[in-house]
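S.K.: Got a structure for you, questions after.
Please treat every number below as a calculation from the coordinates, not as lab data. Keep in mind that this is a model prediction, so the values were computed, not measured. Quick reminder, even Gly has a Cβ in these numbers, built from the backbone with ideal geometry, and neighbours come from all protein chains shown.
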Amino acid sequence: MAVIIDVFRAFSCEPLFFHFGVKRVILEPDPEKALALKHQHPEFILAGEINEVPLAGAELGNSPFEIILKGSDYFNGKTVIHRTTAGVTGVAAACERAEEVILGSFVMAAAVARYIRRKNPDRVTLVAMGDRAEVKSPEDEACADYLEHLLNDKPYDPVKTLEAVVFQSTAQKFIQGDKPYLPKEDPIFCLQRDLFDLVLSVKRTEGDFVEVFSV
């Protein structure tokens, strides 16, 4: 089992889609394929970014703040195509090797830990995707630490974690409020622990789509 962790922001967005009643979520790492799928199905909602900048042609970026503002009236019963640089790309790669792939973030961590304990797989790999999937990011590393705490009673200090995350560039670029596509509200939501009693797994479906399912 692989847990692909993307706190800022892909897998903090995913549970919100389901909370607001989406029927289906397709993860597509290729921006061109995501846009082509949107063109084929204009009724689908396309949410995505390339290196944090909203994907041209998408209705939404990759922001919990945007999703919450839209609410259930916008998402209920709809299909969402989700494209992100780190999390979605990491999940697509993990599907080629892992028997099961789970989405990881602070907002779902306790539910994910309970699920792992119940399934009791031979091996669990926690993959902290990091900033643009290029360098480590404190929020993804901290989420992996929190999951280890929940699974193995590893010591965990939430205050120290916030200190380690909030003052670093991956959070500060939101907090400074310089770019409208990086809302300062997003880290507030993404760093909340255990908001959703929800576990999201992925699998390839007909048409070679990577789809998200609540398990």
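S.K.: Quick one: Karplus J couplings for the stretch 37-48, per residue in order, coefficients 6.51, -1.76, 1.60, θ = phi - 60°, nearest Hz, x for Gly and Pro?
M.R.: 5, 4, 5, 5, 10, x, 6, 6, 9, 9, 10, x
S.K.: Follow-up. Could you pull out every residue, at least 5 positions away or on a different chain, whose amide H is within less than 5 Å of the one on Thr125? Hs are placed 1.01 Å off N in the peptide plane, and Pro or chain starts have none.
M.R.: Amide H neighbours of Thr125, under 5 Å, 5+ apart: Ala2, Val3.
S.K.: Along the Cα→Cβ direction, 7 angstrom out, place labels at Tyr181 and Arg204. What is the inter-label distance in nm?
M.R.: 3.0 nm
S.K.: Moving on. Restricting to DSSP loop positions (anything but H, G, I, E, B) with no more than 10 other Cβ atoms inside 10 Å of their own Cβ, which trypsin sites (Lys or Arg not before Pro) remain in the stretch 123-172?
M.R.: Arg123
S.K.: Any chance you could tell me what percent of the C-alpha pair distances in the stretch 12-155 go past 28 Å?
M.R.: The share of Cα pairs beyond 28 Å in the stretch 12-155 comes to 21 percent.
S.K.: Compute a Gaussian network model of the chain, connecting alpha carbons closer than 10 Å, and tell me which residue from Thr205, Thr161, Thr84 fluctuates the most.
M.R.: Thr205
S.K.: Another question about this same structure. Which value in nm describes the separation of the simple spin-label points at Thr125 and Asn152, placed 7 Å from the Cα toward the beta carbon?
M.R.: According to this spin-label approximation, the distance is 1.6 nm.
S.K.: Which lysines have a Cα lying under 22 Å from the Cα of Lys78, excluding residues fewer than 8 positions away in the same chain?
M.R.: Lys23, Lys33, Lys38, Lys70, Lys203
S.K.: With θ taken as phi - 60° and the coefficients 6.51, -1.76 and 1.60, list the Karplus ³J(HN,Hα) couplings across the stretch 15-30 in order, rounded to whole Hz; mark glycine and proline as x.
M.R.: Listing the rounded values in order: x, 5, 3, 6, 4, 8, x, 5, 7, 7, 10, 10, 9, 10, x, 8 Hz.
S.K.: Here's something else I'd like to know. Report the longest stretch of the chain that contains none of the GluC sites (Glu not before Pro) sitting in a DSSP loop with at most 13 other Cβ atoms within 10 Å. Before the final figure, lay out the partial values.
M.R.: Numbers: sites that count: Glu43, Glu96, Glu99, Glu134, Glu206.
My reading of the result: 135-205 is the longest stretch.
S.K.: Between Arg97 and Glu32, how many nm apart are label points set 7 Å from Cα along the C-beta direction?
M.R.: In this crude spin-label approximation the distance works out to 2.6 nm.
S.K.: Name the residues whose placed amide hydrogens come within less than 5 Å of the amide hydrogen of Glu52, ignoring near sequence neighbours (fewer than 5 apart) on the same chain.
M.R.: Residues meeting the amide H criterion: Thr85.
S.K.: I would also like to ask the following. Between Arg132 and Glu43, what length comes free when the chain is fully extended (0.36 nm per residue of separation minus the Cα-Cα distance, one decimal in nm)?
M.R.: Additional length available on full extension: 29.1 nm.
S.K.: Once the mean 1/r over all distinct Cα pairs of the stretch 74-152 is inverted, what Kirkwood radius in angstroms do you read off?
M.R.: Value: 13.9 Å, from the Cα pair sum.
S.K.: So if we plug the beta-carbon distance of Ala56 and Glu163 into 1/(1 + (r/R0)^6) with R0 = 30 Å, what FRET efficiency do we get, rounded to 0.05?
M.R.: It comes to 0.20.
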